[in-house]
Amino acid sequence: PGALPLSGRHVLVTSGPTHEPLDPVRYLANRSSGKQGHSIAAALAALGARVTLVSGPVTVPDPDGVTVMRVETAREMLAACEAALPADAAVFAAAVADWRPADPAPQKMKKPADDAAPPLALVPNPDILATLSRHPRRPRLVIGFAAETERVIEHARAKLARKGCDWIVANDVSGDAMGGAENTVHLVTANGVEDWPRLPKVEVAARLADRVAEALA
Ligand code: C5P
């Protein structure tokens, strides 16, 4: 049998949400399940790639045949991604928190006597996709995701330019995509837009892995 299409290639994948601590027991997060990112990691491994999966906190199982690095915060995710370089391609499917609490408390925050709510000051997190797209050791193929609830293609095109990546998988999350088993996506590249049908997330992953193999061939 011939070599698999991605044998000898290293692909970095991010998946899941990030958790941004407010104090030792509280955090800011989002509803990302990690299903799509983990399926992509598995599909790339099935095509023979060596896959490093940098995952935020998720309950989905680790895919077989993939090196999993577990992180909690966006800053840890960025550090793990940089440590995983060099890579031939990178797929940034994680739902990274855009902001984190500015000054997490070292001890559990207590209710003030006057029943007032504490102020919640936020600061921006690093953009991992944008950072890796402009990195000195940039992977040859950089793929971002864009979860949108409206004007999906228009926003994805803008994101492609702003982030400096090669492709955007634009994800219509106006329905039940987040946490659900299926996804409706559009592959947005410099050459145009491909509309994919509503598919199980594992099918979206298999198609995307095929496209990665083609692009790296
Ligand atoms: O700008 P927006 O967050 O919608 O972009 C989504 C894309 O950017 C996804 O590929 C996501 O993984 C990536 N991203 C990132 N780091 C961030 C925010 C988003 O890698 N801080």
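The values are calculated or read from the model by the stated rules, or taken from the named source; none is laboratory data. Just so it is clear, the structure is predicted and the values come from calculations on it, not from any experiment. Cβ atoms come from the backbone with ideal geometry, glycine included; neighbour counts cover every protein chain shown.
The residues on offer are 100, 157, 162, and the sole one that is among the charged types (D, E, K, R), outside any loop (DSSP other than H, G, I, E, B), surrounded by 10 or more Cβ atoms within 10 Å (Cβ to Cβ) and in contact (Cβ under 8 Å) with a residue 60 or more places away in the chain is 100. Search the stretch 84-121 for residues being more than 30 Å from residue 169 (Cβ to Cβ) and of a type in the set (A, V, I, L, M, F, W, C), and hand back the single one that is farthest from the chain's Cα centre (by Cα). The selected residue is 113.
Kindly provide the set of residues from the stretch 173-188 that are surrounded by 18 or more Cβ atoms within 10 Å (Cβ to Cβ), assigned to a strand (DSSP E or B) and either more than 18 Å from the chain's Cα centre (by Cα) or without any contact (Cβ under 8 Å) to a residue 60 or more places away in the chain (or both), ordered by number. Hits for the stretch 173-188 are 185, 186, 187, 188. Any residue at all in the stretch 50-69 that is assigned to a helix (DSSP H, G or I) and buried (at least 18 other Cβ atoms within 10 Å of the Cβ)? For the stretch 50-69, residues assigned to a helix (DSSP H, G or I) and buried (at least 18 other Cβ atoms within 10 Å of the Cβ): absent. Residues in the stretch 128-154 that are modelled with pLDDT of 95 or more, surrounded by fewer than 19 Cβ atoms within 10 Å (Cβ to Cβ) and within 13 Å of the ligand (Cβ to nearest atom): 4 in all. Close contacts from the stretch 42-71, counting a first residue that is acidic (Asp, Glu) and a second that is assigned to a strand (DSSP E or B) and at pLDDT 95 or above, with Cβ to Cβ under 6 Å and a gap of 6+ residues or different chains, come to 62/68.
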